Amino acid sequence: MELTYNRPFFSACRTVERLFRILAICLALLATAAHAQLTIEITGAGGNQIPVAVVPFAGESALTPAISDVIEADLARSGRFRTLYTGPQNLSDTSTVDFAPWRGKNADALVVGGVYPVGGGRFEARFRLYDVPKQAQLGALAFTLTVQQARATAHRIADFVYEKLTGERGVFSTRIAYVVKNGARYQLQIADADGANAQAALSSLEPIISPAWSPDGSRLAYVSFENKKPVVYVHSLASGKRQAVANFRGSNSAPAWSPDGRSLAVVLSREGGSQLFLMNADGSGARRLLSSSAIDTEPFYAPDGQSIYFTSDRGGSPQIYRVAAAGGPVERLTFDGSYNVTPRPSPDGKYLAFVRRDGGRFQVSVMDLASRQVRALTDTGRDESPSFAPNGRMILYATQVSSRGVLAAVSSDGGVKQRLSVPAGDVREPAWGPFLN
Amino acid sequence: MRRALLGLMAAALVAGCASTGTEEGSGVAVEDRKPGAGGAAGSATSVPIGTTTIPGDPLKDPASPLAKRSVYFDFDRDDIKPEFRPMLEAHARYLSSTPNQKMLIQGNADERGSREYNLALGQRRADAVKRTLVLMGAREAQIEPVSLGEEKPRCTEQTEDCWAQNRRGDLFYSGEF
């Protein structure tokens, strides 16, 4: 980090550099590269978009992809920005900006920057973010990077711009996990949040379901059927090492991490039925959380770790309930309809995403946990597995289009809609990973 | 006495010749019998022989009720329908008569709705099949009920016919899965 424009960002830069090192190791050690890339199509736009102009960075043609293209795509995909066409400009982080033409284009924000070789195959990317109406700089950063880090650097810049302009953290540098079924083969893939850099962490001829990120993003818990029955594994992404943490007699499924990463909630049938258990993350110390003669499944910790949401048919139909992580009385949360499943609390704990069946359609819905009001967010009818982005703004889920599994994302207010698909493959079981620092 | 002895020897010789001739001429009939059931070469065919059939592996006999391995369920149900009871009784008898035999029951569910909830529905079906077999005489420890949920559908079209085929429990003995 040779260059720092604003002192408060210095520590952020150091974290970023450390992160790149970790990321590079992770990518190098991940298993076989996946051939099919996720492509993202925006199918609905949000309101109140911030008009932003991202000027091509001076010298960025030395890198592939071009940094400004990735920043622009990230901001547009979030649904919170309207990116303005700038055309080639003779503008960089070292220029004095004439704001008049940008005011003329009604731009609220302007991003300019440059990419400069610093020797040894490394580059420095510098940029400045301006508030156009105020004609003031909102921030600036510099990164040193290798050619391979162009995309990751662009995501970091987009995160910075997003946070400065919306007040929320961006998720462009996060990753997603999902399962692709191609013919008889199942692959657990990890990709950047924009679908790029898809890598297979696990390839199997038997099904893989229910991937769940550890809170630090280094491991995935999931259910694999490679032993002709469901067994819960924990898989370290960097080393590829995997361990069966729940392989008891009967079925083992639905892993969920506690927010401190020390415990897993799982569903075991070893004592008959499908029942909730808590265990240490290494699989030791399994203890029953609840006792019922009904199905209890799909546990998910509240972000404060104090309670666990789950699906149960103890009331006669599958509905969503909540229990303290220490056990105790159970509270029913859904009453409307005969099929409400897969509870996923938002990162701030205020909302609950779940799947609700309404007249034969399965739709991702959101409950405001304070008012208990529910509304459907999607216009698709075969929704499964909702997963909040770590900033709570988007919900990734699986659905079907023409009998083919695709991933889709919807903003938590329902305004922005996207579709992510892999050519010639069935995609399902998405899980959005955590912030990485 | 000597003459009588000579006569017996002659008769034995004749019988020996005759038996050799018969054996050569009726190879097909002998092959039909399971190995070990027939006597040593040279035994007299004039003695009436009852056909002994060594039972093959009853698990591999397509005519045996044990050949039936699937129990089907109604939508969102896990009760065993009456038509599957005779088949389950045969399996329970077999398990109770072969205490070392182990069974895996894989429960399945149709594809609609949540994968994990469907896994639990499949488990409930596998548990129901196990409970029935234990009530009919199988030992608890012989049977492991597990679920494949909606993950291994036998039929992949989105029709009620197809879904009905996927609401199923499958029985496997050791070495079959």
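Over segment B:58-173, accessible surface divided per residue gives 43 Å², non-protein components excluded, 1.4 Å probe. The average projected area of the protein assembly as shown, computed from the convex hull of its Cα atoms over all directions, is 40.3 nm². Applied to segment A:67-74, the Karplus parametrisation 6.51 cos²θ - 1.76 cosθ + 1.60 on θ = phi - 60° returns per-residue 3J(HN,Hα) values of 4, 5, 5, 5, 4, 4, 5, 4 Hz, with x for Gly and Pro. The protection proxy used here, the mean number of other Cβ atoms lying within 10 Å of each residue, ranks peptides B:108-116, B:92-100 as follows, highest first: B:108-116, B:92-100. Packing-based ranking of B:79-85, A:120-126, A:396-402, A:218-224 yields A:218-224, A:396-402, A:120-126, B:79-85, ordered from highest to lowest mean Cβ neighbour count within 10 Å.
Mean residue ellipticity, 222 nm, helices only, chain A: the sum of -39500 (n - 2.57) across DSSP H runs of n ≥ 4, divided by residue count and rounded to 500, is -4000 deg cm²/dmol. Annotation for segment A:206-222 versus segment A:353-419: alpha-carbon center distance of 21 Å. A simple charge model with +1 on the Cβ of Lys and Arg, -1 on the Cβ of Asp and Glu and nothing else charged puts the dipole of segment B:58-173 at about 500 debye relative to its Cα centre. Near A:LYS134, which lysines are there with a Cα under 20 Å away, not counting those fewer than 8 places off in the same chain? Correct list for A:LYS134: A:LYS105, A:LYS164. Mean per-residue shielding of peptide B:118-130 is 6, counting Cβ atoms of other chains within 10 Å of each Cβ.
For segment A:175-432, taking Cα atoms only, Rg and Dmax work out to 17.1, 47 Å respectively.
Chains A and B together bury roughly 2500 Å² of accessible surface, counting both sides and using a 1.4 Å probe on protein heavy atoms. Remark: segment A:136-147, residue by residue, has Karplus-estimated 3J(HN,Hα) of 10, 7, 8, x, 7, 8, 9, 10, 9, 8, 8, 4 Hz, where x stands for each Gly or Pro and the curve is 6.51 cos²θ - 1.76 cosθ + 1.60 at θ = phi - 60°.
Residues of segment B:140-164 whose accessible area, computed with a 1.4 Å probe over protein heavy atoms, drops by at least 40 Å² once all protein chains are present relative to their chain alone are B:GLU144, B:GLU151, B:LYS152, B:GLN158. At a Förster distance of 30 Å, what's the computed FRET efficiency of A:VAL97 paired with A:GLU41, Cβ-Cβ distance as r, to 0.05? Using R0 = 30 Å, I get an efficiency of 0.30. When the pairs A:LYS181/B:LYS152; A:LYS229/B:LYS102; A:LYS229/A:LYS417 are compared against a 24 Å limit on Cα-Cα distance, A:LYS229/A:LYS417 fall above it. What angle, in degrees between 0 and 90 and rounded to the nearest 10, separates the Cα long axis of helix A:10-29 from the longest principal axis of the Cα atoms of chain A? Helix A:10-29 sits roughly 60 degrees off the main axis of chain A.
How big, in percent, is the set of alpha carbon pairs in segment A:379-424 lying more than 14 Å apart? Here the tail beyond 14 Å accounts for 44 percent of pairs.
3J(HN,Hα) along segment B:103-114, derived from phi through the Karplus expression 6.51 cos²θ - 1.76 cosθ + 1.60 where θ = phi - 60°, amounts to 10, 10, 10, 9, x, 9, 9, 6, 7, 6, x, 5 Hz, with x in place of Gly and Pro. Per the Debye formula on identical point scatterers at the alpha carbon atoms of segment B:55-141, with no solvent, log10 I(q)/I(0) at q = 0.26 Å⁻¹ is -1.32. Surface composition of chain A: carbon plus sulfur atoms hold 48% of the accessible area, using a 1.4 angstrom probe and ignoring ligands, DNA and RNA. Of all DSSP beta bridges confined to chain A, the antiparallel ones make up roughly 95%. Cross-link reach is defined here as a Cα-Cα straight distance under 20 Å, omitting same-chain residues fewer than 8 places apart; for A:LYS241 the aspartates and glutamates meeting it are A:GLU206, A:ASP216, A:GLU226, A:ASP282. About its Cα centre, chain A has a charge dipole of approximately 600 debye under the convention of +1 per Lys or Arg Cβ and -1 per Asp or Glu Cβ, with nothing else charged. Scaled to the globular estimate 2.2 N^0.38 Å, the Cα spread of segment A:174-263, given as radius of gyration, is 1.05. Solvent-accessible surface, computed for protein heavy atoms with a probe of 1.4 Å, shrinks by 10 Å² or more for the following residues of segment A:315-352 when the other protein chains are added to the isolated chain: A:PRO318, A:TYR339, A:VAL341.
The values are calculated or read from the model by the stated rules, or taken from the named source; none is laboratory data. Just so it is clear, the structure is predicted and the values come from calculations on it, not from any experiment. Please note: Cβ atoms are built from the backbone with ideal geometry, for glycine as well, and neighbour counts cover all protein chains shown. Heads up: the accessible areas ignore ligands, DNA and RNA and are worked out on the full protein's heavy atoms, side chains in. Shrake-Rupley method; radii C 1.70, N 1.55, O 1.52, S 1.80 Å.
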